[in-house]
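Accompanying notes for the structure given below.
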Amino acid sequence: MLLAAFTFTPALGMFVAFVAVTLVITYFSAQKATGSAAYFAAGRSIKGWQNGLAVAGDYMSAASFLGISGMICFKGYDGFMYSVGFLVAYLTVLFFVAEPLRNAGKYTMADLLAYRMSPRPVRAMASLSTLTVSTFYMIAQMVGAGGIIKGLIGIEFAPAVIGVGVLMLVYVVFGGMLATTWVQIIKAILLMAGAITLSVLVLKHHGYSFGAFFDAVSHADYAGTAPAKNLLEPGMKYGTAAAGPWGPLDLVSLGLGLVLGTAGLPHILVRFYTVPDAKTARVSVIWAMAIIGVFYILTTFFGFGAATIMAKSEIMAGAKENTNMVAPLLAQKLGGELFFAFISAVAFATILAVVAGLTMSASTSFAHDFYTNVIHHGKEQSPGEEVRVARITAAVVGAASIGLAIYLGPGVNAAFLVGLAFAVAASANLPVILFSVFWSRFNTAGAVSGLVGGLVSSIGLILISPVGMFGKEGAIFPLENPGIVSIPVGFLSAWLGTLLTARDPQAEAKFAELSVRAQTGLGAETGGGH
Amino acid sequence: MSQPDWNRIAADPDFAALKRAKKRFLIPASLFFLAYYIALPVLVGFMPATMKQEVFGRVNWAYLFALSQFLMSWILAWLYIRAAAKWDKMEHALLAKLGHR
């Protein structure tokens, strides 16, 4: 019945090949994945360049590959602003988060936050924040996936979402972090190969001349099917003419959320536990920055390129801009059916990899932070229990996101959900991470109030924003991106929560220990078998 | 292995020197990159006319400034790696002195 709904296409064939390879890897990972460190942190045996590729693979989601290239094609320069923020954000990760986290933590972000504090309230809140970020991010990916797969391979929305969900669960439940890491690595390599090829094809179209390329972009007319406009000029999305008087401030707010949010994304943070030590974590950030930077510069080539090469009728779905399909359709026009199939399969692999990474971080946080440490006071009831709970959580989280994505349907605004994830990460997680490592007076009340303040202000502001529940007309908060308000609120509530409550001698006494651990790596969790 | 004496290490002048060395790099470097980065949306958002002026052929200030952010990130990352190599040595010497390596 289901099989009658689509025919076997080259895209489907390539995707099946990707799935087959990753399932073999999952099988071998499952043989190795015994014990908590193996399951949650890939045995801390991943090499620097491998983890760099995996970080990049975890980060370059379908939203950024398909979404940003489409946005650059239709809105020009303003779409590129996302690309810039996505790379600069890694300086925050490199400077303040990757090494201290690897040195002082075990499996999750909360390990670092709870180190000096009363562990139960801090872990409970950190786990809630992790689950919030991961779940919203995941639903965004799933909803996007359903729509994209329908366009690419012709499978209907609901079976597409279920297919992605079930495959992702196989990786996570059986293969754990090791399988998830290899899925990311393979996907990152495929995505880079696709992005480079597509950019070269665009340049070839313009006679391999940058001058001719930028000339064409400066009067892009969608192959003569629309009035020419200069896509290199800013303002088509956030300028006052396009977005009203609040547009420019919204752009600044978006920038803040991007540059400070990445360092608080749980699925990126857990990647640093998979390497043997902090120095390798540092190396992996450098690899990730090289790959991510090149990739996001390339987005301008295929985004702008599409606007010079594709006719409007080819990239519109009726009266609506078909943003997510711009890159694959450009591939089809420039490289033929087989290249279209390759780019489609890469997009599918991208979705699968990111969703697996998110599920992994959510289930790790629930099992390690909430189940073991909050409910059972840090003691496993029986050997292997933590991993068993994580596997069950992954299944529950996966099933819930499949259900929610199908229930919300293809109409839900994916940008809204991703914006929420970045805003919560920047406003709730980052202030508390920084204060834990660098401020000796910081205490339990400050950590809890910082997490609550950041979580509530970012979610609250988005709910009353133009992309929230009252729509554009009824919005109470004028910006789509809450960062410019909610990030200061996060820092302020962590700071005030500390100063307004009694000093916590135990937390201050343990600051020396955390500081030495974070700065020198003494006593850090070691890699198995090294 | 018995627990290291955390307070003794934290009180060591060489540990204080390590923390100072990190601060000396991290504080100015992060103030710089945050200012440099936020200048992009601020200039593009509030001074679009200036940023639209073309510099090389049709390439304008807005695009050049955005591209320079990639270069800036890679250069700062490289400077960090260089600084961190020095911190690694200080850390190694400190832990060796206290008998932990």
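What follows is calculated from the coordinates using simple rules that are stated; it is not laboratory data. Since the structure is predicted, the reported quantities are computational estimates derived from the model, not experimental observations. Cβ atoms come from the backbone with ideal geometry, glycine included; neighbour counts cover every protein chain shown.
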Among the numbered conditions (1) part of a helix (DSSP H, G or I); (2) within 12 Å of chain B (Cβ to nearest Cβ); (3) in contact with a helix residue (DSSP H, G or I) (Cβ under 8 Å, 6 or more places away or on another chain), tell me where residue A:203 comes up short.
(2)
Kindly evaluate residue A:28 against the criterion of being surrounded by fewer than 24 Cβ atoms within 10 Å (Cβ to Cβ), without any contact (Cβ under 8 Å) to a residue 60 or more places away in the chain and farther than 21 Å from residue A:344 by Cβ.
yes
If you check A:380, A:337, A:385, which single one turns out to be among the charged types (D, E, K, R) and in contact with an Asp or Glu (Cβ under 8 Å, 6 or more places away or on another chain)?
A:380
What tally of residues in the stretch B:12-27 results from selecting those that are over 12 Å from residue A:95 (Cα atoms) and at the interface with chain A (Cβ under 8 Å from one of its Cβ atoms)?
3
Note down all Cβ pairs under 6 Å where the first residue falls in the stretch A:456-470 and is without any contact (Cβ under 8 Å) to a residue 60 or more places away in the chain, the second is of a type in the set (Phe, Trp, Tyr) and outside any loop (DSSP other than H, G, I, E, B), and they're at least six residues apart or on different chains.
A:467/A:416
I'd like to know if the stretch A:492-508 contains one or more residues that are over 30 Å from residue B:89 (Cα atoms) and either within 13 Å of chain B (Cβ to nearest Cβ) or within 21 Å of the chain's Cα centre (by Cα) (or both).
no
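Of the residues in the stretch B:40-51, how many are more than 7 Å from chain A (Cβ to nearest Cβ) and touching a residue at least 12 places away in the same chain (Cβ under 8 Å)? First the steps, then the outcome.
Within the stretch B:40-51, the first condition is being more than 7 Å from chain A (Cβ to nearest Cβ), and the residues that meet it are B:43, B:47, B:49-50.
Then drop every residue that is not touching a residue at least 12 places away in the same chain (Cβ under 8 Å), which leaves B:43.
Going through the stretch B:40-51 one residue at a time, the tally reaches 1.
So if I check each of A:424, A:452, A:456, A:448, which one is of a type outside the set (S, T, N, Q) and surrounded by 24 or more Cβ atoms within 10 Å (Cβ to Cβ)? Before you say what the answer is, go through the steps one by one.
Details: A:452 fails: surrounded by 24 or more Cβ atoms within 10 Å (Cβ to Cβ); A:456 fails: surrounded by 24 or more Cβ atoms within 10 Å (Cβ to Cβ); A:448 fails: surrounded by 24 or more Cβ atoms within 10 Å (Cβ to Cβ).
Result of the check over A:424, A:452, A:456, A:448: A:424.
Yes/no matrix, rows are residues, columns are (1) outside any helix (DSSP H, G or I); (2) more than 13 Å from chain B (Cβ to nearest Cβ); (3) closer than 23 Å to residue A:331 by Cα; (4) among the basic types (Lys, Arg):
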| site | (1), (2), (3), (4) |
| --- | --- |
| A:43 | no, yes, no, no |
| A:53 | no, yes, no, no |
| A:56 | no, yes, yes, no |
| A:66 | no, yes, yes, no |
| A:71 | no, yes, yes, no |
| A:80 | no, no, yes, no |
Return the residue satisfying two criteria in turn: it lies in the stretch B:52-73 and is touching a helix residue (DSSP H, G or I) at 6+ places or on another chain (Cβ under 6 Å) and within 7 Å of chain A (Cβ to nearest Cβ), and of such residues it is farthest from residue A:246 (Cα to Cα).
B:57
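Which is hydrophobic (A, V, I, L, M, F, W, C), within 9 Å of chain B (Cβ to nearest Cβ) and surrounded by 19 or more Cβ atoms within 10 Å (Cβ to Cβ), of A:304, A:214? Steps first, answer last, please.
Details: A:304 fails: within 9 Å of chain B (Cβ to nearest Cβ).
Exactly one of A:304, A:214 is hydrophobic (A, V, I, L, M, F, W, C), within 9 Å of chain B (Cβ to nearest Cβ) and surrounded by 19 or more Cβ atoms within 10 Å (Cβ to Cβ), namely A:214.
Taking helices (runs of 4 or more DSSP H) that do not extend beyond the stretch B:1-94, which have at least 3 residues that are within 30 Å of residue A:300 (Cα to Cα) and over 24 Å from the mean Cα position of the chain (by Cα)?
The qualifying helices (runs of 4 or more DSSP H) are B:13-46, B:48-51.
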When you scan the stretch A:227-269, how many residues do you find that are within 9 Å of chain B (Cβ to nearest Cβ) and in a loop (DSSP other than H, G, I, E, B)?
7
Going residue by residue through the stretch A:313-321, is there one that turns out to be part of a helix (DSSP H, G or I) and surrounded by 22 or more Cβ atoms within 10 Å (Cβ to Cβ)?
yes
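In contact (Cβ under 8 Å) with a residue 40 or more places away in the chain, more than 27 Å from residue A:280 (Cα to Cα) and not small (Gly, Ala, Ser): does that describe residue B:8? Break it down stepwise before answering.
On the way: in contact (Cβ under 8 Å) with a residue 40 or more places away in the chain: yes; more than 27 Å from residue A:280 (Cα to Cα): yes; not small (Gly, Ala, Ser): yes.
Yes, satisfied.
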Residue A:441 being surrounded by fewer than 21 Cβ atoms within 10 Å (Cβ to Cβ), more than 23 Å from residue A:361 (Cα to Cα), of a type outside the set (Ser, Thr, Tyr) and in contact (Cβ under 8 Å) with a residue 24 or more places away in the chain:
yes
Going through the stretch B:84-101 one residue at a time, which ones are surrounded by 15 or more Cβ atoms within 10 Å (Cβ to Cβ) and more than 8 Å from chain A (Cβ to nearest Cβ)?
B:87, B:90, B:98
Being under 26 Å from residue A:289 (Cβ atoms), away from chain B (no Cβ under 12 Å) and β-branched (Val, Ile, Thr) is the requirement here; does residue A:93 meet it?
no
Condition set more than 9 Å from chain A (Cβ to nearest Cβ) and of a type in the set (A, V, I, L, M, F, W, C), scope the stretch B:28-39, selection farthest from residue B:95 (Cα to Cα): answer is B:39
Can you find, within the stretch A:333-350, the residue that is surrounded by the fewest Cβ atoms within 10 Å (Cβ to Cβ) among those that are over 11 Å from residue A:152 (Cα atoms) and of a type outside the set (A, V, I, L, M)?
A:336
